[in-house]
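Chemist: Here it is, the structure in full.
The values are calculated or read from the model by the stated rules, or taken from the named source; none is laboratory data. As the structure is a computational prediction, the values presented were derived from the model and not from experiment. Neighbour counts run over all protein chains shown; Cβ positions are idealised from the backbone, glycine included. With ligands, DNA and RNA removed, areas are computed over all heavy atoms of the protein, side chains included. Shrake-Rupley method; radii C 1.70, N 1.55, O 1.52, S 1.80 Å.
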Amino acid sequence: MDSKQKAAQLATLLAKGEGKQILSLMFDLKLLDVDTTQAIHTLPESQPTIGIWEAQQRPDGVHFVRSQKLRHEWSGWADIEEFHPKSGKRRVVVIGESVAHGWFLAPAFTPCKVLAQMLGEDTEVLDLSRINMALPQAMQLNSLALEHLAPDVIVHFSGNNWGPLGLIQSLSREDYVEFTLEKLVESRKAELSTLIRTLLENIAATAKAKNVPLLFVIPEFNFGEWKDTWYGPWLGAGKTSQWYEKRTAAEAAFEAGDLHRCIGLANDMLVLDGGALGGAAYDLLARCSRAKSNLREARELFERSWDAIFLNSSIPLARCLPSNREAIASVAAASGCQCIDLRDVFDQAESQSPLFADYCHLSVEGIRLAMSAVAKTLAKPGRDCTPVSAPPHAVEIANSFGLALQNSALPDEILARHLRVLADDSPEWIPLFLELAAASGPLWMNRKLRCLFEQEKAFSYLRNFAYGSDWNIALSQNLIGVAKQILGPDNQEATGTATMLLHRNHEPRDQPLDLLSSRYSFLSLQEREFLWTMPEPVRNLLLPSSNFYRSYKPESPFAFAGSKPLCLSLTYRTPHTAPGDTWVEVSINQDKQACLPPSTSWRTCTISIPADVLNVGQNWLRIGWPKLTAEEDTVLKLRADRMQCGLTPELYPVFGEIHSLTVRVSNS
């Protein structure tokens, strides 16, 4: 059964609500990750459930009340205790992902609450948004809402989470040997587009059968500030090393402001990789266009870079791919449904305030603009939409605080924007922020933050996030530097305190400090590497063949604190570089400490780090990997043999692998 047949069968089963078969097909189609299965439950027919709300029969009808059995999932859904039977009010049901949920502004300020206020008291808005919602879940919620909630309109505000998870595993050995990347990318795009269209057509047909109109809202991405991290595939015929050399030179040219040279080198990269997996090259070209204030051209180039996702499903950031946008608009037009593209809404906006909080989640102003467009579409003729006031200031503070904490690897511009909001409100915020960033334990262990959770309801979302896991903040490459910039030269006490806390909490002692933990290795910003540091069940699902740290870039950075003489222990190998004239270079704070020979088998070495190269506070260990020397065509054939054995292929060159990386105080 091919993907199109599976998609059609999935749509039919979803309409009938046969949960077990639905889940089986969803896993076959790679539409579920470890999180998304939690929203679909098989309960007795006498007790239907919609998300986390289960039916309760009362004298006035059926109420849907939050299930205590599903309390562990409450934080991912709207903070609503129950949905009551329909009254005389017009009822609008909103189904969507984290953008529709109001990431980090919820529950105080959400798109659904804003929409309800704009539409007025004679309309009620039911919020069925969920973080990490996948399209099959949206389809099931659509059917359940039609059956049990009696909506007058359903709004689908999603499209970011419909990525090509797992499509790479459907490559054939012949495809891989031929290495026709452009053909493979296009076939995967067509495969995903067909699947999405089939599921969307079912959503539209199911609503049409109930005479309920649909409104699709297409989300937008923060092209103005965001920066992706891409790496290149094996290209064959000795092209891979050339590609990486040009990329390194292009990045250096961009940082130096030499856009002309950067553009030339990026075009050379496209010639080498054929453009099919030109994520890094198109991204460089897009950043050059953005630097020239040509935002429309930059957006087109950024979207072209996203084609690389179709053979690299490890890119975790949510985004509405061009094929998703086209599918939504096409199905809406063919089905007679209304459709709002937030790209058009934002392009026409004259707002001077940022519209995005991070890469795709909306700011307060972004939510206002988006829901204003929805309200104008849904409002009754002759009715003006009610203006929406700003949320309490504490909500915006909580939003900036939470986003900066959760995204310590944000681009400098976005991180600075959130820290500036904190600094303008109170001189106490950034010191607390830096204290948390330098802490050694999970967020919920911090006494000041616990008191904040108890005193400020606006911080309830961050509270749920902090208490929901043993979440640590990765030591960020730019966090302390950006904080210093915001505080200014006359107020450096907070960064000095953070430096001392880093020293106290993270300095290696007699017991070795594992630098492969996510707190220290996340700084590489290489998603496949970061996945290896995640809990074993997650790692096994997303990277079943990864048993150690792999570097997909020529350099791997790690952060640690310490000012005493140290002993560094490294077990490594370079699977695609044989001994020769190149070396594995180990440096601390740009000071070269060792040159180690490449080795295709595991090799352990110990390096003494003197105190005079270390900083009090944050230090940088960088491992520079040697150039690739493997015969590339042979590598491709070996990977094809791996596929023939039923194993996941490795499309990307591995510069180095680390089995163990620890540092401890030197005994000498």
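Chemist: Residues in the range 216-263 that are small (Gly, Ala, Ser), in a loop (DSSP other than H, G, I, E, B) and closer than 26 Å to LYS627 by Cα: how many?
Modeler: The number of residues fulfilling the criteria is 5.
Chemist: Every residue in the range 36-51 that is out of contact with any Gly (no Cβ under 8 Å at 6 or more places or on another chain) and either at pLDDT 50 or above or not aliphatic (A, V, I, L, M) (or both), please.
Modeler: Of everything in the range 36-51, those that are out of contact with any Gly (no Cβ under 8 Å at 6 or more places or on another chain) and either at pLDDT 50 or above or not aliphatic (A, V, I, L, M) (or both) turn out to be THR36, THR37, PRO44, GLU45, SER46, GLN47, PRO48, THR49, ILE50, GLY51.
Chemist: Going residue by residue through the range 360-376, is there one that turns out to be without any contact (Cβ under 8 Å) to a residue 60 or more places away in the chain, under 23 Å from the mean Cα position of the chain (by Cα) and open to solvent by 40 Å² or more (accessible area, probe 1.4 Å)?
Modeler: Yes, the range 360-376 has at least one match.
Chemist: Follow-up question, since we're still on this one. Against the condition part of a helix (DSSP H, G or I) and either touching a helix residue (DSSP H, G or I) at 6+ places or on another chain (Cβ under 9 Å) or within 30 Å of PHE558 (Cα to Cα) (or both), how does LEU410 come out, does it pass? I'd like the intermediate steps shown before the answer.
Modeler: Details: part of a helix (DSSP H, G or I): no; either touching a helix residue (DSSP H, G or I) at 6+ places or on another chain (Cβ under 9 Å) or within 30 Å of PHE558 (Cα to Cα) (or both): yes.
No.
For every residue, the table says whether it meets (1) of a type in the set (Asp, Glu); (2) crowded, with 24+ Cβ neighbours inside 10 Å.
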site	(1), (2)
GLU81	yes, no
LYS86	no, no
VAL92	no, no
GLU97	yes, yes
ASP122	yes, no
ILE131	no, no
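Chemist: Can you name the condition, by its number, that TRP77 falls short on among (1) in contact (Cβ under 8 Å) with a residue 60 or more places away in the chain; (2) not assigned by TED's automatic domain parsing to the domain that holds THR206?
Modeler: Here TRP77 meets the rest and fails (1).
Chemist: OK, next. Considering only residues that are part of a loop (DSSP other than H, G, I, E, B) and either touching a Pro at 6+ places or on another chain (Cβ under 9 Å) or among the polar types (S, T, N, Q) (or both), which ones fall in the range 379-407?
Modeler: Answer for the range 379-407, where residues must be part of a loop (DSSP other than H, G, I, E, B) and either touching a Pro at 6+ places or on another chain (Cβ under 9 Å) or among the polar types (S, T, N, Q) (or both): THR386, SER389, ASN407.
Chemist: In the range 332-378, what count of residues is obtained for those that are among the small types (Gly, Ala, Ser) and either assigned to a helix (DSSP H, G or I) or not assigned by TED's automatic domain parsing to the domain that holds ILE154 (or both)?
Modeler: Selection size over the range 332-378: 9.
Chemist: Follow-up. Please verify whether the range 60-75 includes one or more residues that are modelled with pLDDT of 95 or more and either within 21 Å of the chain's Cα centre (by Cα) or assigned to a helix (DSSP H, G or I) (or both).
Modeler: The answer is no, given that none of the residues of the range 60-75 is modelled with pLDDT of 95 or more and either within 21 Å of the chain's Cα centre (by Cα) or assigned to a helix (DSSP H, G or I) (or both).
Chemist: Also, I was wondering about something else. I need the full set of residues from the range 80-101 which are assigned to a loop (DSSP other than H, G, I, E, B), out of contact with any Asp or Glu (no Cβ under 9 Å at 6 or more places or on another chain) and touching a residue at least 40 places away in the same chain (Cβ under 8 Å), in order please.
Modeler: Step one: list which residues in the range 80-101 are assigned to a loop (DSSP other than H, G, I, E, B), which gives 80-81, 84-89, 97.
With out of contact with any Asp or Glu (no Cβ under 9 Å at 6 or more places or on another chain) added as a condition, the list becomes 81, 97.
GLU97 - this is the single residue of the range 80-101 that is assigned to a loop (DSSP other than H, G, I, E, B), out of contact with any Asp or Glu (no Cβ under 9 Å at 6 or more places or on another chain) and touching a residue at least 40 places away in the same chain (Cβ under 8 Å).
Chemist: Does the range 287-303 include one or more residues that are buried (at least 21 other Cβ atoms within 10 Å of the Cβ) and at pLDDT below 75?
Modeler: So far as the range 287-303 goes, no, none of its residues is buried (at least 21 other Cβ atoms within 10 Å of the Cβ) and at pLDDT below 75.
Chemist: Right, here's the next one. How many of the residues in the range 210-266 are open to solvent by 50 Å² or more (accessible area, probe 1.4 Å) and either touching a Ser or Thr at 6+ places or on another chain (Cβ under 7 Å) or not small (Gly, Ala, Ser) (or both)?
Modeler: 13
Chemist: Which one is modelled with the lowest pLDDT among residues in the range 491-519 that are surrounded by 14 or more Cβ atoms within 10 Å (Cβ to Cβ) and over 30 Å from PRO427 (Cβ atoms)?
Modeler: SER518
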